């Protein structure tokens, strides 16, 4: 009788210990898995703006401004695209941004905009020395993690030898909007205008 009771107690203890271990593993394991998944998400999303990535929105706009045509950037992250056209009266003027939620960040938190590309961040760059764009990022504390935003801002380039200025301006495509939670961004070259020493290339942005 006592042996049977002892066996029952042992079985109950084993079950309790098993459930405890499962609970501990769940409590510690799930957050780690989620953080690893979000780390991959952040890295993948940044590549959309990374100047070292040939398929980034920055490289794509640069190529199309030089050679014409159109192309599409696809992003599988849930978030919000925002276009600040060249004529918008805001500090974000002439930029394209993407914001999303994450439990991890690759950017200093609550530190405002931080340059993520090399070179100067001057409003007017030097042709042949600087790129026509500067990539910024910011991470702001939000419930459950962070709100991360990447920004590609386009500026004028000055040619010192000829005193010419090349200017890439972002404009909204007539059939598009300034914000979108869609997965695509279409880039098309518009008009190229030359006035005295100013050469302006229009880039139409269609958020999908």
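Here, each number is a calculation from the coordinates, and none is a lab measurement. In this text, all values refer to a predicted model and were calculated from it rather than measured experimentally. Quick reminder, even Gly has a Cβ in these numbers, built from the backbone with ideal geometry, and neighbours come from all protein chains shown.
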- Going by C-beta contacts inside 10 Å, put 146, 133 in order with the fewest on the left. 146, 133
- Message: Taking 8 Å as the Cα distance limit and 6 or more residues as the minimum spacing, I'd like the relative contact order of the stretch 54-208 as a percentage.
- Response: 26
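Please order 120, 132 by the number of other Cβ within 10 Å, starting at the fewest. Please list the in-between numbers first.
Details: 120 14, 132 20.
Ordered from fewest to most neighbouring Cβ atoms within 10 Å, 120, 132 come out as 120, 132.
Please list the equivalent ellipsoid semi-axes of the stretch 40-207, computed as the square roots of five times the alpha-carbon gyration tensor eigenvalues, in descending order and whole angstrom. If you can, show how the numbers build up before the last one.
Numbers: eigenvalues 148, 65, 37 Å².
Calculated on Cα positions only, the semi-axes equal 27, 18, 14 Å.
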- Expressed in angstrom, Rg and Dmax over the Cα atoms of the stretch 84-179 are 15.5, 53
- Message: So for the stretch 112-154, averaging the separation of alpha carbon pairs under 8 Å that are six or more residues apart and normalising by length, what relative contact order in percent results?
- Response: 37
- Note on the structure: A correct fewest-to-most ranking of 193, 62 by other Cβ atoms within 10 Å would be 193, 62
- From the Cα centre of the stretch 50-94 to that of the stretch 138-208, the distance in Å is 6
- Message: If I model the stretch 82-126 as equal point scatterers sitting on the Cα atoms and use the Debye formula, what is log10 I(q)/I(0) at q = 0.24, 0.25, 0.26, 0.34 Å⁻¹?
- Response: -1.14, -1.17, -1.18, -1.21
